[in-house]
1. Looking only at the range 9-27, count every residue that is of a type in the set (A, V, I, L, M), free of Cβ contacts under 8 Å to residues at least 12 places away in the same chain and either touching a helix residue (DSSP H, G or I) at 6+ places or on another chain (Cβ under 8 Å) or farther than 14 Å from Ile183 by Cα (or both) and tell me the total.
2. Condition test on Val329, is it within 17 Å of Ala273 (Cα to Cα) and of a type in the set (Val, Ile, Thr)?
3. For the range 284-326, what are the residues that are closer than 24 Å to Gln139 by Cα and small (Gly, Ala, Ser)?
4. Tell me yes or no: at least one residue of the range 286-307 is small (Gly, Ala, Ser), in a helix (DSSP H, G or I) and either within 19 Å of Asn236 (Cβ to Cβ) or under 29 Å from the mean Cα position of the chain (by Cα) (or both).
5. Can you name every residue in the range 104-155 that is assigned to a loop (DSSP other than H, G, I, E, B) and under 25 Å from Ile39 (Cα atoms)?
6. Please specify each residue of the range 181-216 satisfying the condition of being hydroxyl-bearing (Ser, Thr, Tyr) and either free of Cβ contacts under 8 Å to residues at least 24 places away in the same chain or part of a loop (DSSP other than H, G, I, E, B) (or both).
7. Among the residues in the range 344-351, are any among the aliphatic types (A, V, I, L, M), within 30 Å of the chain's Cα centre (by Cα) and surrounded by 14 or more Cβ atoms within 10 Å (Cβ to Cβ)?
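The values are calculated or read from the model by the stated rules, or taken from the named source; none is laboratory data. Small disclaimer: the values here were computed from a predicted structure and weren't measured. A quick note on method: Cβ atoms are made from the backbone with ideal geometry, for glycine too, and the neighbour counts reach across all protein chains shown.
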Amino acid sequence: MLSFFQNIIKIFKIKDLRNRILFVLTILIVFRIMANIPIPGVDLERLRAFFEQFQVFGLFNVFAGGTMENLSIVMLGLGPYITATVVLQLLTMIFPQLERIQKEEGETGREKFNQYGRMLAVPLSLFQGYSMMALLQRQGVITKLSLISLTSSVFTITAGTMFLMWLGELISERGIGNGTSMIIFGGIISRFPQNILEIYAGLKTDPSRTPFYLIFAGSALGIIFAVVYITEARRNIPVSYARRVRGRRMYGGMRTHLPLNINPAGVMPIIFALSLLTLPGMIANFFVGTEGTTGDIAQKVVNFFQNSFVYGVLYFILVFVFTFFYTLVIFDPSTIADNLKKIGGFVPGIRPGPNTAGFLNYTLSRILPIGALFLGIIALSPSIIGRVTGVMAFQFLVGGTSLMILVSVILETYQEIKAYLQMREL
């Protein structure tokens, strides 16, 4: 504990690091101000009912940094940019030229790839903004808008997304950590005061529920520990480099390791699974009440997905499957084996090239089921613990997408600050 406070003091003694942290805090304050400026004509009661009916928008709200629940001028958050980045990553499997730009052209290629993501985010923002406004009008969440007002609102929402992208890049360039992740992180933790008030009100109303809150707190601590442990867990593959003699100097001969994470896919499988699982119910809701066969089928689809057991089983299976799918997208053993071969690296006892790729694939196939199983349990843990304890506040501390984001951002920021401190000590 003493070491922790000493490091905090060191952080604020280093001018550059202190300025970076204060800069991030300033940007987050600007973001939260914008997140609380709503578009006009919002019916709050209908808005709450809307989020309860369409759970997929609860997921979008997480990635929007909590801006959608207020229908603010930045209601889409960084969602279109994240969607654009994911789409481009998937397209690398179809277009080899796009894959070369991302993986083989170094920093210049990655910057070009990111620029494509920014460009694609603009039409996605326009499309998502118009779709959201049309849906909200149809559901009665906002008042009917004229064509001019609708166009103005869509362009305002798109401009808000572009502004948040700029803020995120400022954080990445002049602050600490990844800017996009920091903005999402700021949106998640902004719910802390409201959740504390909810727990206080619950205890004041019914003190007999205190044991359930204690069970919830213990579960949250255990799950946070497990998420940190699995996020940091990795299988280290030993790598050696061949010795080369040039003139009178000898190069290589080093030994290092190649880390394989137990969960290389991160939080993306939960996002894919939840989006796919909620899409049929969302579409069916538009046709509920329609006369004839269409209305009957739509009602059956809605009832099917409202069954908590069926929903939970399908959710777990989809998360498990998408963990393998997304890992195949972002991790290519053949490319890693070729890169090792080019720089003279090899796994002891394994021939370079295809044999090394086969070994990496074999190792990954042994550790990935552990990560997929863990991710499936984490995805279901908020609903399970919520049912057991009846505590609905602080749901983002007991699993799901929010907790994975919180842990990854905190660990990434901690490592960057630690590197700054070690560099200064040298």
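1. Residues flagged as of a type in the set (A, V, I, L, M), free of Cβ contacts under 8 Å to residues at least 12 places away in the same chain and either touching a helix residue (DSSP H, G or I) at 6+ places or on another chain (Cβ under 8 Å) or farther than 14 Å from Ile183 by Cα (or both) within the range 9-27 amount to 2.
2. So Val329 fits the description; yes.
3. Ala284, Gly289, Gly292, Gly295, Ala298
4. The answer is no, given that none of the residues of the range 286-307 is small (Gly, Ala, Ser), in a helix (DSSP H, G or I) and either within 19 Å of Asn236 (Cβ to Cβ) or under 29 Å from the mean Cα position of the chain (by Cα) (or both).
5. Gln139, Gly140, Val141, Thr143, Lys144, Leu145, Ser146
6. Ser190, Tyr200, Thr205, Ser208, Thr210
7. Looking through the range 344-351, none of the residues is among the aliphatic types (A, V, I, L, M), within 30 Å of the chain's Cα centre (by Cα) and surrounded by 14 or more Cβ atoms within 10 Å (Cβ to Cβ).
Yes/no matrix, rows are residues, columns are (1) touching a helix residue (DSSP H, G or I) at 6+ places or on another chain (Cβ under 6 Å); (2) in the same structural domain as Thr92 (by TED's automatic domain parsing); (3) closer than 16 Å to Arg235 by Cα:
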residue: Thr335; (1), (2), (3): no, no, no
residue: Asp338; (1), (2), (3): no, no, no
residue: Ile343; (1), (2), (3): no, no, no
residue: Pro348; (1), (2), (3): no, no, yes
residue: Gly353; (1), (2), (3): yes, no, no
residue: Ala357; (1), (2), (3): yes, no, yes
residue: Leu360; (1), (2), (3): yes, no, yes
residue: Arg366; (1), (2), (3): no, no, yes
residue: Pro369; (1), (2), (3): no, no, yes
